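Structure, as structure tokens:
The values are calculated or read from the model by the stated rules, or taken from the named source; none is laboratory data. Predicted, not measured: the structure shown is a model, and the values here were computed from it. Here Cβ is always computed from backbone atoms with ideal geometry, including for glycine, and neighbour counts include all displayed protein chains. Please note that ligands, DNA and RNA were not included when accessible areas were found on the heavy atoms of the full protein model with its side chains. Shrake-Rupley method; radii C 1.70, N 1.55, O 1.52, S 1.80 Å.
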Amino acid sequence: MALFVPAAHAEDDARAILKSMSDYLAKQQAFTATFNSDIEVVTPEMQKVQFASSGQVSVSRPDKVHAARTGGFTDIEMFFDGKKMTIHAKDAKVFMQADAPGTIDNLVSKLEADGYSLPGADLLLSNVYDALNAGVIDAKHIGTGVIGGVECEHLAFRNADTDWQLWVRTGPEPVPCKYVITSKAVGASPQYTLVINSWSAGAKDDFAFAPPAGSKQVDAKAMPHIDEVPEGASQ
């Protein structure tokens, strides 16, 4: 049976909606979002297995973030106050700290270089449009969709190694509601899905880390595995 795909609108429509979202996010000096994320891995037997997590991120631009993520294999949080980054493995009761002076953009680059990541990190940057549009070879405005009861513009983009989709809330507050990345360079094309459940202005957070009783500071090499998937899982 053939899969029906609605006729896409002009490519310029997709980029215009993406730019509108980017401009709106850049103006939000402080916000808090809750999310669910799903990441697929592919086993040696070519079976797809999905791992689910939930969390929250609070942002105060240009240089403060507190993010937390809880899944079946890890329970972690990260603090950034413009000077220092702290990663706290709550279940293991250990944390590491590193000097990281700069902005949220600098933090995202450092985390990627060190092999860590923030959920939906691209959406936290000061210029989301430039980050996401880089390398795009095809863009489509598919139409509208509904995420969590919210009407959204559905966009689809293609890069050399990935396809990705974005659902952006319609109306005067074009915030992202869903973000899906498909890895074409990996066999069976696993996906990463981020669904934003709530988005609110303001960040009720002082972004300061206070070590809980019984926790211990360790260096980066002594930190436990804190990825969204269990250690050793194939991707």
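Right, PHE95: surrounded by 15 or more Cβ atoms within 10 Å (Cβ to Cβ), more than 20 Å from THR34 (Cα to Cα) and either out of contact with any Leu (no Cβ under 9 Å at 6 or more places or on another chain) or in contact (Cβ under 8 Å) with a residue 24 or more places away in the chain (or both) or not?
Working: surrounded by 15 or more Cβ atoms within 10 Å (Cβ to Cβ): yes; more than 20 Å from THR34 (Cα to Cα): yes; either out of contact with any Leu (no Cβ under 9 Å at 6 or more places or on another chain) or in contact (Cβ under 8 Å) with a residue 24 or more places away in the chain (or both): yes.
It is true that PHE95 is surrounded by 15 or more Cβ atoms within 10 Å (Cβ to Cβ), more than 20 Å from THR34 (Cα to Cα) and either out of contact with any Leu (no Cβ under 9 Å at 6 or more places or on another chain) or in contact (Cβ under 8 Å) with a residue 24 or more places away in the chain (or both).
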- Candidates GLY82, GLY72, filtered to the one that is within 23 Å of LYS178 (Cβ to Cβ), surrounded by fewer than 19 Cβ atoms within 10 Å (Cβ to Cβ) and touching a strand residue (DSSP E or B) at 6+ places or on another chain (Cβ under 9 Å): GLY72
- the stretch 192-207 - residue that is open to solvent by 60 Å² or more (accessible area, probe 1.4 Å) and part of a loop (DSSP other than H, G, I, E, B) and, of those, farthest from GLN97 (Cα to Cα): LYS204
- Restricting the stretch 1-30 to residues that are loosely packed, with under 14 Cβ neighbours inside 10 Å and farther than 19 Å from ILE142 by Cα, the one modelled with the lowest pLDDT turns out to be MET1
- So, of the residues in the stretch 98-141 that are assigned to a loop (DSSP other than H, G, I, E, B) and of a type in the set (A, V, I, L, M), which turns out to be most open to solvent (accessible area, probe 1.4 Å)? ILE137
- Query: How many residues does the stretch 143-186 contain that are part of a strand (DSSP E or B), touching a residue at least 60 places away in the same chain (Cβ under 8 Å) and either acidic (Asp, Glu) or open to solvent by 30 Å² or more (accessible area, probe 1.4 Å) (or both)?
  - Reply: 1
